[in-house]
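I have placed the structure first, in the form of structure tokens, so that the comments after it can refer back to it.
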Amino acid sequence: MNTPFRFTTCRAGSEPVLKRDIATHFAGELTPAFMKPQFITWKVRSPGFSPPRTLSTFARVSGISLGLCKTIAELVDHARKLTTKPIRLHVFPRVTPEDGIEAATWQRMDVLEAEITRELQQAGVQLETRLPDAHGDLVLDVIVGEKDDEPLFLGHHEHQASSHAQPGGLPRITLPEAVPSRAWLKLEQALVWRGWDKLDLRGHTALDLGCAPGGATYALLQRGMNVLGIDTGEMNPSVLQLAQAQGVRFDHWRTAAGRLNLTALPQDVSLLLCDINLAPPEVLPQIARIQDAVQARRLILTIKLNTPALEDRAHEFIDAVRDWAPAPVFATQLAANRREICVCAG
Ligand SMILES: C[S@@+](CC[C@H](N)C(=O)[O-])C[C@H]1O[C@@H](n2cnc3c(N)ncnc32)[C@H](O)[C@@H]1O
């Protein structure tokens with residue numbers, strides 16, 4: 001029998017689009033039940049209806065709800081009944097600021113996680129800690145409120161290729177002061193989500209569309225990549241300084257992406273990035289044209305969805321990317337994304 005409730009976590013401010021997305025795609029089969037900022041549970045209306053594992057691009061984590069737990073003993077009881085196979089324990093905060101989570105919040109999570117781990121082990125529950133996460137791994141999600149007296153929310157999901165391996169989809173990366181823009185954080189989070197942070201990118205070439213003032217380029221140069229950036233705007237001088245210090249190449253073509261001379265582009269592009277602040281119907285054909293010329297092996301695209309009408313077309317834009325991008329294509333709303341989603345391909 002299907003468990004009657006599902007849960008989703010999301011970015012602060014994405015609750016309305018998450019609700020619209022799920023209402024549209026599940027035609028009333030899932031209805032909102034319990035809501036807190038960045039967190040919604042859903043009632044499965046028909047007993048025979050089995051929702052897919054991932055409910056929405058706007059849900060950073062989604063899974064089966066086990067409900068609220070006032071004590072760790074209650075939580076352990078649920079976990080014991082759930083399965084005999086090893087589980088991965090993910091303890092993470094419900095409220096997540098877009099520029100990263102404070103060290104004090106992670107310390108609170110770590111203390112709680114250590115306590116839950118101890119009690120689960122004492123109860124004979126096996127924990128999986130080996131890396132990397134494998135398809136089908138069972139993850140126990142413990143979602144923690146802002147106050148210590150708030151009950152813990154408990155759910156579970158199965159790890160799959162589109163999932164975030166970090167608890168809550170929240171890599172422990174904070175925005176350094178020295179970087180030119182918060183695009184640095186978005187790029188680092190995208191790399192971690194896809195596991196591409198483990199790749200040795202030294203000496204490879206990246207093409208960065210909409211590169212100014214330079215946060216994402218800065219991250220790529222730090223990883224030893226050569227970067228060709230396209231933007232009508234100015235770069236922060238620290239970008240060129242970093243390229244020189246790293247002994248890598250940074251070129252800036254001050255032109256609009258739609259006016260690029262395609263024949264002059266490098267031929268061996270490992271990574272194509274786009275963070276141009278134009279609406280998807282305008283920018284996607286431009287990226288398609290450039291990708292057709294360079295055949296980049298991997299893509300990281302930030303798709304701007306600045307109005308509800310554009311948000312409601314997110315699936316259409318992701319499908320459009322599937323038409324010309326290397327497979328597989330995955331989309332999510334990263335913790336550092338604002339009114340935008342991150343689409344990765346390759
Ligand atoms: C959100 S910012 C990009 C931030 C950048 N990725 C970083 O790492 O700092 C959007 C950029 O898109 C650029 N842009 C807008 N239209 C463009 C176009 N047609 N071609 C290239 N760049 C464009 C803007 O000049 C702006 O710098």
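In the chain, taking the dipole from charged Cβ atoms about the Cα centre, the farthest positive-side position among VAL17, MET35, TRP324 is held by TRP324. Computed over the Cα atoms of the chain, pair by distinct pair, the Kirkwood hydrodynamic radius stands at 21.3 angstrom. I need the fraction of alpha carbon pairs in the stretch 100-139 separated by more than 12 Å, rounded to a whole percent. Roughly 69 percent, once rounded to a whole number. Inter-label distance, ALA123 to ALA27: 4.0 nm, where each label sits 7 Å from its Cα along the C-beta direction. Sequentially through the stretch 164-173, phi angles give Karplus couplings (6.51, -1.76, 1.60; θ = phi - 60°) of 8, 7, 7, x, x, x, 10, x, 7, 10 Hz, Gly and Pro residues having no value and appearing as x. The helix-only estimate of mean residue ellipticity at 222 nm for the chain, built from DSSP H runs of length n ≥ 4 each weighted as -39500 (n - 2.57), is -9000 deg cm²/dmol after division by the residue total.
Loop-located trypsin sites (Lys or Arg not before Pro) across the stretch 139-217 with a Cβ neighbour count of 16 or fewer within 10 Å are LYS147, ARG172, ARG182, ARG202, with loop assigned by DSSP. Close amide H pairs (under 5 Å, H built 1.01 Å from N) link ARG88 with GLU128, LEU138, VAL139, LEU140, residues at least 5 positions away or on another chain. Around the Cα centre of the chain, unit charges on the Cβ atoms of Lys, Arg, Asp and Glu (plus for the first two, minus for the last two) sum to a dipole of about 420 debye. Of all beta bridges that DSSP places with both ends in the stretch 5-169, some 75 percent have antiparallel geometry.
The slack in the chain from ARG45 to LYS85, taken as 0.36 nm per residue of separation less the alpha-carbon distance, amounts to 11.5 nm. Here the 3J(HN,Hα) profile of the stretch 76-83, calculated from phi with Karplus coefficients 6.51, -1.76 and 1.60 at θ = phi - 60°, is 5, 4, 4, 4, 5, 7, 5, 6 Hz, Gly and Pro shown as x.
Number of Lys-Lys pairs in the chain with C-alpha atoms under 30 Å apart and a separation of 8 or more places or on different chains: 24. Put a plus charge on the Cβ of each Lys and Arg, a minus charge on the Cβ of each Asp and Glu, and nothing anywhere else: the dipole of the stretch 70-144 about its Cα centre is then about 360 debye. Between GLU316 and ALA114, the FRET efficiency estimated from the beta carbon spacing at R0 = 51 angstrom works out to 0.70. Once you compute Rg and the Kirkwood Rh from C-alpha atoms, what is the Rg to Rh ratio for the stretch 243-338? Across the stretch 243-338, the Cα-based Rg/Rh ratio is 0.98. Under the convention that each Lys and Arg Cβ holds +1 and each Asp and Glu Cβ holds -1, the size of the dipole of the stretch 1-153 around its Cα centre is about 640 debye. A full extension of the chain between MET35 and ARG297 corresponds to an added length of 90.3 nm, given 0.36 nm per residue minus the alpha carbon distance.
Considering the stretch 5-169, its Cα convex hull presents a mean projected area of 9.6 nm². Share of antiparallel DSSP beta bridges in the chain, in percent to the nearest 5? Here the share of antiparallel DSSP bridges comes out near 55 percent.
Within the stretch 4-65, the ratio Rg/Rh, alpha carbon atoms throughout and Rh by Kirkwood, equals 0.91. Using the Karplus relation 6.51 cos²θ - 1.76 cosθ + 1.60 with θ = phi - 60°, the per-residue 3J(HN,Hα) values for the stretch 88-104 come to 8, 9, 10, 10, 8, x, 6, 8, 10, x, 6, 9, x, 8, 5, 4, 5 Hz, with x marking Gly and Pro.
Values quoted throughout were computed directly from the atomic coordinates according to the rules given, and no laboratory measurement underlies them. Everything quoted here is computed from the prediction, not taken from an experiment. With ideal geometry, Cβ positions are generated from the backbone for all residues, glycine too; neighbour counts draw on all protein chains shown.
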